[in-house]
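Each remark here refers to the structure printed beneath this line.
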Amino acid sequence: MSEIHLLLILHLLGATIWVGGHILLCVIILPQVWKEQAVEKLFAFESRYEWIGMPALLVMLVTGVRMAYLYNVKIANWFAFETPIERVISLKLSLLIGIVILALSAQFYVLPRLKTDIKKLPLMAFHMITVTLISLAMLILGSFVRYGGIA
């Protein structure tokens, strides 16, 4: 098994956990929280998922960076958008920045206020759905590597 194949497997396992967890959050947990106005269910899910979701994200970051280098896309070209592979990597990194911004907003602004104010639930739902959609977009973008990138 080649290094890139092993990295791809680890990357896909991380994506399975990350994207699957967020789909579960949006499709199962969020409707329950919304219907019952029970934000404690959201916090309970977060505390159970975080121990596996964050390491999965870290695995994807490490394997993604290494695979970028193996595809000869060095850090200086991460946002160059010049070659088809650079476009995929640059778009995925741009979307990752979006996820980081949303995660920071959720952790330091939305979640602390949601504990005492149910009126913040729509804002939290926006964050959750947006992260899920961005994650799905990243998954789809990654599939383009198989075809040499985005022309």
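The values are calculated or read from the model by the stated rules, or taken from the named source; none is laboratory data. Keep in mind that this is a model prediction, so the values were computed, not measured. Here the Cβ is made from the backbone with ideal geometry for all residues, glycine too, and neighbour counts use every protein chain on show. To get the accessible areas, we keep the full protein, side chains included, count just its heavy atoms, and leave off ligands, DNA and RNA. Shrake-Rupley method; radii C 1.70, N 1.55, O 1.52, S 1.80 Å.
Here Ser135 clears all of (1) free of Cβ contacts under 8 Å to residues at least 60 places away in the same chain; (2) surrounded by 15 or more Cβ atoms within 10 Å (Cβ to Cβ) except the condition numbered (1). Within the option set Arg87, Arg113, being open to solvent by 30 Å² or more (accessible area, probe 1.4 Å), of a type in the set (Lys, Arg) and either under 19 Å from Met138 (Cα atoms) or in a loop (DSSP other than H, G, I, E, B) (or both) holds for one residue only, Arg87. Hey, does region 109-120 have a residue that's closer than 17 Å to Ala151 by Cα and among the hydrophobic types (A, V, I, L, M, F, W, C)? No, region 109-120 contains no residue that is closer than 17 Å to Ala151 by Cα and among the hydrophobic types (A, V, I, L, M, F, W, C). Restricting attention to region 11-48, and to residues there that are open to solvent by 40 Å² or more (accessible area, probe 1.4 Å) and under 15 Å from the mean Cα position of the chain (by Cα), which single residue is farthest from Lys115 (Cα to Cα)? Result: Leu12. Is it the case, given these coordinates, that Leu102 is surrounded by fewer than 19 Cβ atoms within 10 Å (Cβ to Cβ) and in contact with a His (Cβ under 6 Å, 6 or more places away or on another chain)? Judged against the criteria, Leu102 is a match. Within region 71-79, the presence of at least one residue that is within 24 Å of Thr130 (Cβ to Cβ), in a loop (DSSP other than H, G, I, E, B) and either open to solvent by 50 Å² or more (accessible area, probe 1.4 Å) or modelled with pLDDT under 95 (or both) is confirmed.
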